[in-house]
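*Asks:* Just dropping this structure here.
Nothing in this text is a laboratory measurement; each read-out follows from the coordinates by a stated rule. Just so you know, these numbers come straight off a predicted model, no measurement behind them. As a convention, Cβ positions derive from the backbone with ideal geometry for all residues, glycine included, and neighbour counts pool all protein chains shown.
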Amino acid sequence: MISRSDDYVEYCRDTAKHASDAHDLALRGRDKKRITRLIHERIAEAVELHSSDDLVDIGCGDGTLLRIAERVGTRTAVGLLATDEEVAVLRRFGLEARQGFTDQLPLPAKCASVIVCNNVLLVVPREKIPASLAEIHRVAKPGARIFLGEIPFVEPPDPTPQFNTRRKMLAYLYRERGLRTWFGMVRRMAWWALRGKPAVIRPGTAVSFFAAPSEFVAMAKDAGLEFVRYWQHDFPNNRNNYLFRKLG
């Protein structure tokens with residue numbers, strides 16, 4: 001029997017434990033490095049990242065934006081991740097990363113001139129969104145540029161089907177993801193069996209938070225953030241990107 005867990009923190013921890021490349025932490029698939037780079041180049045352009053900035057990237061993934069900050073020559077650049085396992089992966093590549101959650105940022109007040117939180121808030125429970133926005137306001141310097149990206153504006157369907165047998169799951173993986181993914185799951189199943197562990201799938205695809213633009217902008221304003229603009233994300237196109245500033 002196979003069970004499913006939508007605990008996103010455990011999904012991130014499990015991904016980091018099996019990561020063979022830092023890009024695995026981007027959670028976009030190993031063949032999506034170009035897309036990951038393009039997304040973060042656009043983010044750097046949107047926030048007008050420059051050498052005098054102090055950058056905080058909340059949910060920094062594989063550290064692509066931190067590397068862009070290195071090239072720009074920013075004064076400081078720190079990435080935050082949900083688990084110590086992910087932090088350890090990035091630190092092996094010489095990047096400044098710390099463990100922290102959106103509603104409890106391990107940073108001092110007014111330390112960042114640019115804050116980026118992309119493709120993160122959608123997995124934060126709705127009840128923690130106000131505290132998360134308040135934390136972003138706390139660590140932002142007056143006048144800071146704040147990018148909050150990939151916020152779904154409608155509830156998206158979960159793209160990961162659920163299976164009640166291993167045979168059905170393996171057939172799906174072979175048909176939809178190919179031999180490599182199929183073989184990886186066979187190895188994981190063997191590991192579960194050898195150690196007597198339960199078969200638990202952590203797809204990491206469940207969305208916890210979505211909001212129409214008017215609702216999300218109102219939530220950000222309640223936290224003290226000044227709305228600048230928003231625009232529709234390219235893919236998937238059921239999400240919006242937002243740019244805010246912290247009032248002086």
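*Asks:* Over the chain, consider all pairs of different Cα atoms and compute the Kirkwood hydrodynamic radius from their mean reciprocal separation; express it in Å, one decimal.
*Replies:* Working: mean 1/r = 0.0526 Å⁻¹.
For the chain, the Kirkwood estimate is 19.0 Å.
*Asks:* Moving on to the next point. Defining a contact as two alpha carbons under 8 Å apart and six or more residues distant in sequence, what relative contact order in percent does the chain show?
*Replies:* Values: 435 pairs, mean separation 55.9, N = 248.
Normalised by residue count, the contact order of the chain is 23 percent.
*Asks:* When a/c is below 1.5 the answer is rounded, else prolate if a/b is larger than b/c, else oblate, so apply that to segment 34-76 with a ≥ b ≥ c taken from the square roots of the Cα gyration tensor eigenvalues.
*Replies:* Details: a/c = 1.79, a/b = 1.42, b/c = 1.25.
Taking the square roots of the gyration eigenvalues as a ≥ b ≥ c, segment 34-76 is prolate.
*Asks:* Can you tell me which of 53-62, 233-242 comes out highest on packing, and rank the rest after it, using the mean Cβ neighbours within 10 Å?
*Replies:* Values: 53-62: 25.5, 233-242: 15.9.
Final packing ranking: 53-62, 233-242.
*Asks:* How would you rank 214-227, 102-115, highest first, on the average number of other Cβ atoms within 10 Å across their residues?
*Replies:* Working: 214-227: 15.9, 102-115: 18.3.
By packing density, highest mean first, the sequence is 102-115, 214-227.
*Asks:* Extension gain residue 231-residue 104, at 0.36 nm per residue separation less the Cα-Cα distance, in nm? All intermediate terms of the calculation are to be shown ahead of the outcome.
*Replies:* Values: separation 127, 0.36 × 127 = 45.72 nm, distance 2.76 nm.
My answer for the length gained is 43.0 nm.
*Asks:* While we're on this one: Using only Cα atoms and rounding to the nearest 10 degrees, what angle (0 to 90) does helix 129-139 make with the longest principal axis of the chain?
*Replies:* The answer is roughly 50 degrees.
*Asks:* Residue by residue through segment 145-151, which ³J(HN,Hα) values in whole Hz follow from phi under the Karplus form 6.51 cos²θ - 1.76 cosθ + 1.60 (θ = phi - 60°), with glycine and proline marked x?
*Replies:* 8, 10, 9, 10, x, 6, 8
*Asks:* Kindly state, to the nearest 0.05, the FRET efficiency for residue 166 paired with residue 195, given R0 = 22 Å and r defined as their beta-carbon distance.
*Replies:* Values: r = 16 Å, r/R0 = 0.74.
With R0 = 22 Å, the Cβ-Cβ based efficiency is 0.85.
*Asks:* What does the charge count near residue 96 come to, summing +1 for each Lys or Arg and -1 for each Asp or Glu among other residues with Cβ under 13 Å from its Cβ?
*Replies:* Working: positive: 67, 75, 91, 92, 98; negative: 54, 57, 70.
That sum, taken over residues with Cβ under 13 Å, equals +2.
*Asks:* Compute the angle between helix 179-195 and the longest alpha-carbon principal axis of the chain, please, reported from 0 to 90 degrees and rounded to the nearest 10.
*Replies:* 70 degrees
*Asks:* Explain nothing, just compute: Karplus ³J(HN,Hα) = 6.51 cos²θ - 1.76 cosθ + 1.60, θ = phi - 60°, for every residue of segment 8-21 in order, whole Hz, x for Gly and Pro.
*Replies:* Couplings: 5, 5, 5, 4, 5, 4, 5, 4, 5, 5, 9, 5, 9, 8 Hz.
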